[in-house]
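Student: Input: one structure, supplied below.
The values are calculated or read from the model by the stated rules, or taken from the named source; none is laboratory data. Computed from a predicted structure; not experimentally measured. FYI the Cβ positions are ideal-geometry reconstructions off the backbone, even for glycines, and counts take in every protein chain you see.
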Amino acid sequence: MDKLLLEELYYLMVLGRQFEYAAKEHYMQGNISGFLHLDIGQEALSVASMKAFEKGDVFTTYREHVLALARGIDPGSVMAELFGKVTGISKGRGGSMHLFDPSHFFYGGDAIVGGQLPNAVGCAYARKLQGSEYGVLVLFGDGASNGGAFFESLNIASAQKLPLVFLCENNQYAIGTRIDRVSPFEKQANKAKPYMPTMEVNGMDLIAVYEAVSKAQQYVSEGHGPIFVEAMTCRFEGHSMSDSNSYRSALEMNICKSKDPIESLKKRLDPGMAETLESKAEKEIEEAVAFALNSPEPDISDLKKYTFTRELQHVVS
Ligand SMILES: Cc1ncc(C[n+]2csc(CCOP(=O)(O)OP(=O)(O)O)c2C)c(N)n1
Ligand SMILES: [Mg+2]
């Protein structure tokens, strides 16, 4: 991989992790309320998939801050959204789980597990009718692939040969429920095999994810129909800020953290460059937090604004 791209990807992973540490701190201070799902540990998957699928539409889970940053959305507007401020990317109305930015073709998260899957199918159908060359990417967890919406989405995407990349972020947990209690397979790709080709990749390996998602986009853009990519990954924190993570042993956590994608990539960079990128990310996150803290709350008189479709701007262009 090109050195400059590698450095950019390293920067985005560090930016993402520092964003998450800052969000955690401000959640504990009471500046952020509602749910907060951190992506710490899973950054390789988030960053590499967004950069590989730079052109095209993206639908995600609620664990989406790092995805949004890697998509190029300003960290200040993402942080302000978490703070519920009017300058947030969803005008302070969505919060952590509903980052939405059509100008980046980023339709963000869904609090309903798997809810983004049918939405992505609809978008892929539209893109097929429009003859778009990029296709659609939908990210979802291993837990989501036990739900009905998942199978319905595989079915219709396959029947209609839609340009849709299914990207399963398999961290082996749905909150505190380990995958083997709710799924007959550890690899969720087994469920997709009757419908479409599948690929499996190490989600802690940034370059492997980048290559897999690039190939998958190429495949859908050639009009072959959907494809399924499964990335095995590992989250370092609890499911959300309200989860103690007590169901995972110290040994399991040590193994998980030994695969840290930031530490792995750092070994491949010039140490001076890595340090420069880390300081740059730190500064950008400090500015993002200051922006969020200093931004105003939404005005109460705007409470009903954006509730009805006539007030929404054009969404999928
Ligand atoms: C339809 C629905 N059922 C249950 C929940 C509660 N819930 C929130 S997150 C979650 C776990 C999802 O796990 P997974 O899809 O593996 O994603 P991860 O958080 O591991 O990335 C559950 C059950 C929900 N939000 N929506
Ligand atoms: Mg999971």
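Student: Need the failing condition index for Cys234 against (1) at negative phi; (2) in contact (Cβ under 8 Å) with a residue 12 or more places away in the chain; (3) part of a loop (DSSP other than H, G, I, E, B); (4) away from ligand 1 (no atom under 12 Å from the Cβ), just the number.
Tutor: (4)
Student: Please enumerate the residues belonging to segment 151-198 that are more than 13 Å from ligand 2 (Cβ to nearest atom), assigned to a helix (DSSP H, G or I) and not β-branched (Val, Ile, Thr).
Tutor: Answer for segment 151-198, where residues must be more than 13 Å from ligand 2 (Cβ to nearest atom), assigned to a helix (DSSP H, G or I) and not β-branched (Val, Ile, Thr): Phe151, Glu152, Ser153, Leu154, Asn155, Ala157, Ser158, Ala159, Ala189, Asn190, Lys191, Ala192.
Student: What number of residues within segment 281-309 are touching a helix residue (DSSP H, G or I) at 6+ places or on another chain (Cβ under 7 Å) and under 25 Å from Tyr21 (Cβ atoms)?
Tutor: Step one: filter segment 281-309 for residues touching a helix residue (DSSP H, G or I) at 6+ places or on another chain (Cβ under 7 Å), giving 281-282, 284-285, 287-289, 291-292, 295, 305.
If we keep only those that are under 25 Å from Tyr21 (Cβ atoms) as well, we get 281-282, 284-285, 287-289, 291-292, 295.
Here the count works out to 10.
Student: Which one of these does Ser132 not meet: (1) under 30 Å from Asp180 (Cα atoms); (2) modelled with pLDDT under 95?
Tutor: Just one mismatch for Ser132, condition (1).
Student: Gly92 fails exactly one of the following numbered conditions: (1) in contact with a Gly (Cβ under 8 Å, 6 or more places away or on another chain); (2) at negative phi; (3) of a type outside the set (A, V, I, L, M). What is the number of that condition?
Tutor: Against the list (1) in contact with a Gly (Cβ under 8 Å, 6 or more places away or on another chain); (2) at negative phi; (3) of a type outside the set (A, V, I, L, M), Gly92 comes up short only on (2).
Student: Residue by residue through segment 129-148, note down the ones that are assigned to a loop (DSSP other than H, G, I, E, B) and away from ligand 2 (no atom under 16 Å from the Cβ).
Tutor: Of segment 129-148, the ones assigned to a loop (DSSP other than H, G, I, E, B) are 131-135, 142, 147.
Across segment 129-148, the qualifying residues are Gly131, Ser132, Glu133, Tyr134, Gly135.
Student: Is one or more of the residues making up segment 280-295 in contact with a Lys or Arg (Cβ under 7 Å, 6 or more places away or on another chain) and farther than 22 Å from Phe35 by Cβ? Steps first, please.
Tutor: Just the residues of segment 280-295 that are in contact with a Lys or Arg (Cβ under 7 Å, 6 or more places away or on another chain), to begin with: 292, 295.
Keeping just the survivors that are farther than 22 Å from Phe35 by Cβ gives none.
No.
Student: Same structure again: For segment 257-266, indicate whether the set of residues that are in a loop (DSSP other than H, G, I, E, B) and either farther than 25 Å from Asp39 by Cβ or touching a residue at least 24 places away in the same chain (Cβ under 8 Å) (or both) is non-empty.
Tutor: yes
Student: Conditions: (1) crowded, with 17+ Cβ neighbours inside 10 Å; (2) modelled with pLDDT of 95 or more; (3) among the charged types (D, E, K, R); (4) within 14 Å of ligand 1 (Cβ to nearest atom). Glu152 meets all but one. Number of the miss?
Tutor: (1)
Student: Based on what the data block shows, is Ala68 crowded, with 24+ Cβ neighbours inside 10 Å and more than 10 Å from the chain's Cα centre (by Cα)? Let's see the steps before the verdict.
Tutor: Values: crowded, with 24+ Cβ neighbours inside 10 Å: yes; more than 10 Å from the chain's Cα centre (by Cα): no.
Criteria not met by Ala68.
Student: Suppose we keep only residues that are more than 10 Å from ligand 1 (Cβ to nearest atom) and closer than 19 Å to Met253 by Cα within segment 156-197. Which one would you say is surrounded by the fewest Cβ atoms within 10 Å (Cβ to Cβ)?
Tutor: Asp180
Student: Can you tell me which residues in segment 48-81 are outside any loop (DSSP other than H, G, I, E, B) and under 24 Å from Arg127 (Cβ atoms)? Even if it seems obvious, please write down each step before you answer.
Tutor: Of all residues in segment 48-81, those outside any loop (DSSP other than H, G, I, E, B) come to 48-52, 57-59, 65-70, 75-81.
Those that are outside any loop (DSSP other than H, G, I, E, B) and under 24 Å from Arg127 (Cβ atoms): Ala48, Ser49, Met50, Lys51, Ala52, Asp57, Val58, Phe59, Leu67, Ala68, Ala70.
Student: Sticking with this structure for a sec: Taking only segment 268-287 into account, find how many residues are farther than 23 Å from Val78 by Cβ and of a type in the set (Gly, Ala, Ser).
Tutor: 2
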